[in-house]
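Participant: There's a structure below that I have some questions on.
The values are calculated or read from the model by the stated rules, or taken from the named source; none is laboratory data. This one's a predicted model, so the numbers in the text were calculated from it and none came from an experiment. All Cβ positions, even for glycine, are placed from backbone atoms using ideal geometry, and neighbour counts span all protein chains on display. Side chains included, ligands, DNA and RNA excluded: accessible areas come from the protein's heavy atoms. Shrake-Rupley method; radii C 1.70, N 1.55, O 1.52, S 1.80 Å.
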Amino acid sequence: MFATIAKLLARRILVSIPILLLVSMLLFMILRVLPVDPAAMSLPPNATIEEIEAKRVEMGLTLPLPQQYAIWLSQVAHGDFGTSIQLRTSVTRLIGQTLPATIELAVLAMAIASALGIAGGLLLFYLRGTRSETVLDVGSIALLSLPEFLWGLFLILLFGVWFEFLPFTGVLSAGYQKPDITGFLLVDSLITGQFATFWNAVQHLILPAFALGVSFSPPIMRVLRSSLLDVYQDDYIHQARLRGLSERRILIGHALKNAILPTLSLMGVQFGFLFGGTLLIEIIYSYPGMGNLMVDAIRNTDLPIIQAVGLTYCVVVLVISILVDSLYLILNPKLRTR
Amino acid sequence: MTLAAMPRWLRSGRVLIGLLILLFVVTCALFAPYLAPNDPNEQNLIATLLPPAWADGGDPAFPLGTDSLGRCVLSQLIYGARLALTVALIASFGAMIIGAVLAHVAGYFGGWVDWLIGRIVDIWLSFPPVILSLILMVGLGTGVQNVILAIVLVDWTRFCRVLRSEVIVVTRRDYVAAARLLGFSHWRTVTREIAPATFPLLITLLSLEMGVAVVVEAILSFVGMSVGADIPAWGQMVADARQNIYQAPWNLICPILAIFITVFGFNVLGDGLRRTLDPRLSQTERG
């Protein structure tokens, strides 16, 4: 069993490499057609034309485009994304500082989306054929119509401004020290035993994670409901009923196990979208992740950061889809015997 | 669309609700100059952050209050519908045309063409849509045409992926083989035999895509990457109101509701069409 999974995994990873190459090429091309001059931007405004020209040569901007791409790519392959034009620090370090925060937010949000999605899907299915189902179903379309950044603002209004219940800026309140071991704040504060810091960080994460999670839960609900409806057509459900099992036992113990598989592959796709959605949530909650790094870089046309962050988002999305595929394979025995 | 099918989809409550909501938004957009009580860009610095007319301190001249520059919120909302709907209509049609053509080519011909188009879609899907549209906006620069272009370039894959599998199913049907045996050209087979069968799915996706386009435009104008400040945009209103969230929460609620209602209209319409026109399509993706 592990051999087949390993083989399929290896194939998925091999397919990802050309995709990443093309993505990086696309990123490089889009950003190189911009009418901005990175050389002039990295020099003080009183630099002479000759100085700018010298800098252009130094930065390799006079080389043909394919050659520039090749140089950039070989540096990226060595983990070097260059130096930020605006912040004058290593882009790799900037990403190292912000990526863990974004991953923490995305994972928590995905957990919330899955919990809400599965609970909602079961409820929708349980109420099938009743009037409340129609109400809930239209309700789930309404949920679907409020994008994550509006949820974020709405929750700030509700819990941050009116009820003054939860904090909504940054990751920690003033006065808390940020432990730095892995970069993952929740993990670090637990390892170092700073439970007050941990609790403060959790409070800061609740609103952004919930805003993101709730906006990605309706598709999960709807797919789970429809795959449960499909599964209930199967003979083994009738057979379970003939054996005298309770409806609850049939639903949770038998039907859900089979219906969860299509839901799982949707959740993989959703996780990818959700990871992109962190960008807006981070801006709204002034959360120090990659999204804020990216938007600041866009405002300052800081090309090395834009390229690096764009590529990092793609790598994470590909990794997520490979992980979900292998999970799918582990859970679904039908796919293994090919 | 045959006449016999008309009453069936018009009978759906969801389709009706969706159409009514959208009719309302379209009316606002079309007749904005007649409906708006004030010029949406006119600043009134002695009347900033006014509450709605019914609240204490409200001014009946500004039914929904004013923003931080003293601009009329209601007028901005009404004019904002113009940008939202322009982008929604043109961008989703553009995305539909590219996506549908590629889907029919890939699904009908199969083989290496299908492989190639499938790989291009894979590359696109490895970008989170928000990130890709932001990067495209950096490359293209701001402006309505570029917002539309960015949405078309990002979202054509939504149509392509879903339609392609439908085209494959339809292509295998006997009547398509019969059409080929009768000597129909590829062009005629696709346009006369296959496209009509995929049309219901196409219309459903189009409606959902319009909702997505409204959201994307709001996102881009929220981060200041959409249109200039002189064109009222809901996303820009949200971004402005965010600065004064304590003093004027209603400023934030109004554009949020406007975006929500419009997108809800498109989504309910799409869902209603999906149920009545194509019972097989499963809701497999967000929006």
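Participant: Calculate the FRET efficiency for B:His186 and A:Arg12 from the Cβ-Cβ distance with a Förster distance of 35 Å, rounded to the nearest 0.05.
Facilitator: Plugging the Cβ-Cβ distance into 1/(1 + (r/R0)^6) gives 0.55.
Participant: Given DSSP loops and a limit of at most 14 other Cβ atoms within 10 Å, what is the longest stretch of chain B that contains no such trypsin sites (Lys or Arg not before Pro)?
Facilitator: Longest stretch, sites excluded: B:1-171.
Participant: Still on this structure, please answer the following. Calculate what fraction, in whole %, of the accessible area of the range A:36-78 sits on carbon and sulfur atoms when a 1.4 Å probe is rolled over the protein chains.
Facilitator: C and S fraction of accessible area: 64 percent.
Participant: Let me know the mean shielding of A:309-317 by other chains, meaning the per-residue number of their Cβ atoms within 10 Å of its Cβ.
Facilitator: Across the residues of A:309-317, the mean count of other-chain Cβ atoms within 10 Å is 4.
Participant: Provide the per residue accessible area, probe 1.4 Å, for the range A:1-145, rounded to a whole number of square angstrom. Spell out each step's value before the answer.
Facilitator: Working: 8020 Å² over 145 residues.
Accessible area per residue: 55 Å².
Participant: Figure the gain on full extension for A:Gln239 and A:Gln177 (residue separation times 0.36 nm, minus the Cα-Cα span) and round it to one decimal in nm.
Facilitator: Going from the current span to full extension adds 16.4 nm.
Participant: Okay, next question. In degrees between 0 and 90, to the nearest 10, how far off the longest principal axis of chain A does helix A:91-126 point, with axes built from Cα atoms?
Facilitator: Orientation of helix A:91-126: about 20 degrees from the principal axis.
Participant: Nearest 20 debye, what's the magnitude of the dipole of chain A about its Cα centre given +1 on Lys and Arg Cβ and -1 on Asp and Glu Cβ? Walk me through the intermediate numbers first.
Facilitator: On the way: 22 positive and 21 negative charges, 301 e Å.
Here the size comes out at about 1440 debye.
Participant: Within the range A:136-186, report the chymotrypsin sites (Phe, Trp or Tyr not before Pro) that DSSP leaves as loop and that have at most 12 other Cβ atoms within 10 Å. Please list the in-between numbers first.
Facilitator: Details: sites: A:Phe149, A:Trp151, A:Phe154, A:Phe159, A:Trp162, A:Phe163, A:Phe165, A:Phe168, A:Tyr176, A:Phe184; in loops: A:Phe163, A:Phe165, A:Phe168, A:Tyr176, A:Phe184.
Counting only loop positions with at most 12 other Cβ atoms within 10 Å, the chymotrypsin sites (Phe, Trp or Tyr not before Pro) in the range A:136-186 are A:Phe163.
Participant: Calculate, for the range A:147-284, the solvent-accessible area per residue in square angstrom, rolling a 1.4 angstrom probe over the heavy atoms of the protein chains.
Facilitator: 43 Å²
Participant: If one takes the accessible area of chain A alone plus chain B alone and subtracts that of the pair, with a 1.4 Å probe, what total in Å², rounded to the nearest 100, results?
Facilitator: 4500 Å²
Participant: I'd like the per residue volume of the convex hull spanned by the Cα atoms of chain B, given in cubic angstrom. Don't jump to the answer; show the numbers that get you there.
Facilitator: Details: hull volume 41.6 nm³, N = 287.
About 145 Å³ per residue, rounded to a whole number.
Participant: Now for a different question. Please report how far the C-alpha centroid of the range A:128-203 lies from that of the range B:94-160, rounded to the nearest whole angstrom.
Facilitator: Centre-to-centre distance over Cα atoms comes out at 33 Å.
Participant: Return the sequence-ordered ³J(HN,Hα) values of the range B:42-47 in whole Hz as given by the Karplus equation 6.51 cos²θ - 1.76 cosθ + 1.60 applied to θ = phi - 60°, using x for Gly and Pro.
Facilitator: Karplus-based 3J(HN,Hα) across the range B:42-47 equals 6, 8, 9, 6, 8, 10 Hz.
Participant: Residues of the range B:138-158 with accessible area at least 30 Å² lower in the all-protein-chain context than alone (1.4 Å probe)?
Facilitator: B:Val138, B:Gly139
Participant: Place a +1 charge on the Cβ of each Lys and Arg in the protein assembly as shown and a -1 charge on the Cβ of each Asp and Glu, then give the dipole magnitude about the Cα centre in debye, rounded to the nearest 20.
Facilitator: Numbers: 41 positive and 39 negative charges, 554 e Å.
For this selection, approximately 2660 debye.
Participant: For peptide A:121-128, what's the mean number of Cβ atoms from other chains within 10 Å of each residue's Cβ?
Facilitator: Values: counts 0, 0, 0, 0, 0, 0, 0, 0.
Other-chain Cβ atoms within 10 Å of each residue's Cβ, averaged: 0.
Participant: Identify the chymotrypsin sites (Phe, Trp or Tyr not before Pro) of the range B:202-251 meeting these criteria: DSSP loop state and at most 11 other C-beta atoms within 10 Å of the C-beta.
Facilitator: B:Tyr246
Participant: Over chain B, with a Gaussian network built from C-alpha contacts below 10 Å, which listed residue (B:Val223, B:Val268, B:Val26) shows the highest mean-square fluctuation?
Facilitator: B:Val223
Participant: How far, in degrees from 0 to 90, does helix A:195-231 lean away from the longest principal axis of the Cα atoms of chain A, to the nearest 10?
Facilitator: 50 degrees
Participant: I want to verify the translational diffusion coefficient of the range A:98-288 in µm²/s; compute it with Stokes-Einstein, Rh as the Kirkwood radius over Cα pairs, at 10 °C and 1.306 mPa s.
Facilitator: Details: Rh = 18.3 Å.
Diffusion coefficient, whole number: 87 µm²/s.
Participant: Would you be so kind as to identify all helices of chain B, as entire DSSP H runs, whose Cα atoms reach 30 Å or more along the helix's own axis and whose mean Kyte-Doolittle hydropathy is at least 1.6?
Facilitator: Passing helices, by number: B:73-109, B:195-222.
Participant: Against the longest alpha carbon principal axis of chain A, how many degrees, from 0 to 90 and to the nearest 10, is the axis of helix A:2-32 turned?
Facilitator: So the helix axis and the longest Cα principal axis differ by about 40 degrees.
Participant: Give the carbon-plus-sulfur fraction of the accessible surface of the range A:123-206 in %, rounded to a whole number; probe 1.4 Å, heavy atoms of protein chains only.
Facilitator: 66 percent
Participant: In addition: For A:Thr192, what charge total do you get from the other residues with a beta carbon under 11 Å from its beta carbon, if Lys and Arg give +1 and Asp and Glu give -1?
Facilitator: Summing Lys/Arg as +1 and Asp/Glu as -1 gives -1.
Participant: To one decimal place, what Kirkwood hydrodynamic radius in Å is obtained for the range A:1-100 from all pairs of distinct Cα atoms?
Facilitator: When all Cα pairs of the range A:1-100 are included, the Kirkwood radius is 16.3 Å.
Participant: Residues with beta-carbon under 14 Å from that of B:Gly94, excluding B:Gly94: net charge, scoring Lys, Arg +1 and Asp, Glu -1?
Facilitator: Taking every other residue near B:Gly94 into account, the sum is -2.
Participant: A follow-up question, please. Considering all projection directions equally, how large on average is the shadow of the alpha-carbon convex hull of chain A, in square nanometres?
Facilitator: 23.3 nm²
Participant: How are the alpha carbon pair distances in the range A:210-252 distributed across 10 Å bins from zero to the largest one, expressed in percent?
Facilitator: P(r) over the range A:210-252, rounded to whole percents: 25, 37, 23, 13, 1.
Participant: Now for a separate question. Which listed residue (B:Ala218, B:Ala177, B:Pro60) has the Cα farthest towards the positive end of the charge dipole for chain B, taking +1 on Lys and Arg C-beta and -1 on Asp and Glu C-beta about the Cα centre?
Facilitator: B:Ala177
Participant: P(r) for the range B:1-118, please, calculated from all Cα pair distances in 5 Å bins and given in %.
Facilitator: Values per bin, smallest distances first: 2, 10, 12, 11, 11, 12, 10, 9, 7, 6, 5, 3, 2, 0.
Participant: Quick one: order A:Val107, A:Val91 from most to least accessible surface, probe 1.4 Å.
Facilitator: On the way: A:Val107 80, A:Val91 0 Å².
Order by accessible area, largest first: A:Val107, A:Val91.
Participant: I would also like to ask the following. Using the reciprocal of the averaged 1/r over all distinct C-alpha pairs, how large is the Kirkwood radius of the protein assembly as shown in Å?
Facilitator: This gives a value of 26.5 Å.
Participant: Cα atoms only, the range A:36-78: Rg and Dmax in Å?
Facilitator: In Å, with Rg to one decimal and Dmax whole: 11.8, 35.
Participant: Charges only on Cβ, +1 for Lys and Arg, -1 for Asp and Glu: so what's the dipole of chain B about the Cα centre, in debye to the nearest 20? Please list the in-between numbers first.
Facilitator: Values: 19 positive and 18 negative charges, 268 e Å.
My answer is approximately 1280 debye.
Participant: Quick check: at a probe of 1.4 Å, how many percent of the accessible area of the range B:14-282 sits on carbon and sulfur atoms?
Facilitator: 67 percent
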